[in-house]
1. Excluding A:N144 itself, what net charge comes from residues whose Cβ is under 12 Å from its Cβ, given Lys and Arg +1 and Asp and Glu -1?
2. At a 1.4 Å probe radius, which order do A:R274, A:R162 fall into by accessible area, largest first?
3. Using a 1.4 Å probe on the protein chains only, how many percent of the accessible area of the protein assembly as shown belongs to carbon and sulfur?
4. Picking from B:K45, B:K164, B:K388, which is most flexible by a Gaussian network model of chain B using Cα springs under 10 Å?
5. Take every residue in peptide A:306-312, count the Cβ atoms of other chains within 10 Å of its Cβ, and give the average of those counts.
6. As a check on your reading of the symmetry: which chain A residue has its Cβ nearest the axis that brings A onto B, and how far is it in Å?
7. Could you sort B:131-138, A:27-34 so that the peptide with the highest average Cβ count within 10 Å comes first and the rest follow in order?
8. Can you give the accessible area of A:R225 in Å² (nearest 10), computed on protein heavy atoms with a 1.4 Å probe?
There are 2 protein chains.
Amino acid sequence: MISFDNCKPVNGGVCAAKGFTAGSTRAGIKASSQKDDLAIIYCEKNCAAAAVYTTNVVKGAPITVTQNHLKNGIAQAVVVNSGNANTCNSNGVEIAELMCELTAQSLKINREDVIVASTGVIGQKLSPAPLEKHIPLLAGNLSNSETASTAACKAIMTTDTRLKEFAFEFELGGKTCHIGGISKGSGMINPNMATMLGFITTDANISPLMLKKALSDANLDSYSRVNVDGDTSTNDMVCVMASGLAGNTEITAENADFEVFFNALCAVMVNLARETARDGEGATKLLECVVLNAPSVDDASLISKSVISSSLVKTAVFAADANWGRILCAAGYSGAAFEPQKISVSIMSANGKVLVCENGAGADYSEELAHKVLSADEVTIMIDLQEKNAELNRSVAWGCDLTYDYVKINAEYRT
Amino acid sequence: MISFDNCKPVNGGVCAAKGFTAGSTRAGIKASSQKDDLAIIYCEKNCAAAAVYTTNVVKGAPITVTQNHLKNGIAQAVVVNSGNANTCNSNGVEIAELMCELTAQSLKINREDVIVASTGVIGQKLSPAPLEKHIPLLAGNLSNSETASTAACKAIMTTDTRLKEFAFEFELGGKTCHIGGISKGSGMINPNMATMLGFITTDANISPLMLKKALSDANLDSYSRVNVDGDTSTNDMVCVMASGLAGNTEITAENADFEVFFNALCAVMVNLARETARDGEGATKLLECVVLNAPSVDDASLISKSVISSSLVKTAVFAADANWGRILCAAGYSGAAFEPQKISVSIMSANGKVLVCENGAGADYSEELAHKVLSADEVTIMIDLQEKNAELNRSVAWGCDLTYDYVKINAEYRT
């Protein structure tokens, strides 16, 4: 089981780890936007680096270029823009390579050591002019301050309304290590292997291979458990860079140190993923579904994801209506095997707990209490499938409610 | 290819075929509703009968009872209520059996020859009292008039706003045959093998085995191509009863007559399915996606279904915004294999046609024209994957736009 017990929250986001600086600027990529839209994250030395990517067949050009650059497991900088996804264009790869080239020249590093990412509307050409002007200026103006990380986090936001920035301190072999990340994502959120954009930095010393392993596994327990609207984006990517500047003995195998690092990475990624669900387009509530005592972990996983993905569950949660039949329905079509007559469902929040369904049929509960429980801004649906000896067959997934504002935001996005 | 050329539209719905009567009444199953909520369809003789059912693991009690009753491929009546799904109750099967028993006694037929269906809220007990009072009264008051079919169609509606009722005339061996159906369904619509509720009657003479084969195949080309909100209901069922009273030679093999019957059945089912998509909860538009020249039929099928299911495509269609990047994105995560650089997308309606994406990148089109095309109440998205020698690798799927009213309807459903 993942444990966050040895991770202490600290400030600083991607600048918390030793060696990293960041910054942002307004390059004017989307003329109508007044916010910053370009960010760079840089490390003073070459880092072990790994990334997970969207499983969408239609991939953004930045994904193609980054996959190529990360083949050797080494990176030193990230350049990222919002306002345009640089995807489904005739010159996407060319522009993504240009972004890397400009960043590399300005920072005096190798072009192949730059990770590039873009987010925004799909299918419009990304003009080189603002990049040519602003990447060199921004590269000369990076800082390791807390505000620099927060500024980078703001610059990558699109329809996001909340900052998604976390950092933790932990120990490896007596050395203090740091890990922090920023993330964006609010709509087109149904990550499959990777998700949205997430950038994580650490000063722990870990080999590229072990970093890749840790990221892949942590992703399954974090971003892959989130769904806002079922749409898996073309540009999803989460990457991590490890500078090694904490001075711990390099992690090169799945040993005890790897476990400590893995838990710290999960601490960052689970928190970023939860915040992404909470900040789902139009959402008023974070919706969590925990499935216990399932026939298998896979069954638990299918059910929790299906419940938080159901439009009918999401609208009921928006209305604070304990319409538990919709929860059973979503569990039933999840593809998981279970015995419907054994299923029990409770709803929990800071406002209390109520058992709404017991052994597949309605429990004797107060609709008034259920409404109160569902009115909190974080709601957990707890499903117990009551299989015997199945304590480890559990899963959790995070989503949000479906509201008028989801429709509003997405009916107006290009205008 | 399916052809509707030999099917002539006629009036009468489920009463168009010889031998069938229908009727409805208000039994008061849901106290707050003033509409009819109980319907019976009856045939003067035993019919060959078949049904397809939801694939949801959580199945309504009426599904269990009907599956049992249809094992011998014979039925003579349908009894169906709205206002309560009779699902996830401790006494669901008992009540469903009671509905069959009351219908059988009143019509003087076998209990095992009654098909039973329920639709409405899940998880509340269905009281026997209104059924005991109203089923015998209704059974004595059936008619073969057009209005009787329409009344039955209205009685099975829940959040539906449109009547879904069709009938056709066709010929088999010189004999005039009829086939007609009624259907309900507006939310919790993502049929997998079956769907919602659909009741079809015909006077064609066909064996139970061939009827089952025709229904299963027709279902794949009709109801299974519809999605409103991704939620596969617990109570989906489509059944067909064939009286044989048209006097044609019984169809007992997949011969030319079978083809004619199959096309007529598809004519009813495709029309009912399309109307179900058009009447999706809160919908203002019917959305059709046609995929052409795909690597395989399965790929075409996955892509068309994925596009009409995407919340982001649906909200863009609501806003009449030609945000074609979302269409490529939905095709890309559909699970289908295709070459993104070959994809072309056109949008068509009664207001015109516009090519928005060519060979994976934006085409040079007028946003104004695209907006006009998308403003019609029936919109077709045509995706050409440009595979060579792949004319037969095509598919179509039907959905609707996602609007404020979907949220409104489902946030208020139980109140």
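The values are calculated or read from the model by the stated rules, or taken from the named source; none is laboratory data. Nothing here was measured: the structure is a model prediction, and the numbers come from that model. Quick reminder, even Gly has a Cβ in these numbers, built from the backbone with ideal geometry, and neighbours come from all protein chains shown. With ligands, DNA and RNA removed, areas are computed over all heavy atoms of the protein, side chains included. Shrake-Rupley method; radii C 1.70, N 1.55, O 1.52, S 1.80 Å.
1. Details: positive: A:K18; negative: A:E44, A:E146, A:D203.
Result for the local shell: -2.
2. Of A:R274, A:R162, the descending order of accessible area is A:R162, A:R274.
3. C and S fraction of accessible area: 48 percent.
4. Among B:K45, B:K164, B:K388, the largest GNM mean-square fluctuation belongs to B:K388.
5. Counting other chains' Cβ atoms within 10 Å and averaging over A:306-312 gives 5.
6. Of all Cβ atoms in chain A, the one nearest the axis gives A:Y404, 2.
7. Details: B:131-138: 18.1, A:27-34: 14.6.
So the peptides B:131-138, A:27-34, ranked by packing, come out B:131-138, A:27-34.
8. Its heavy atoms expose roughly 20 Å² to the probe.
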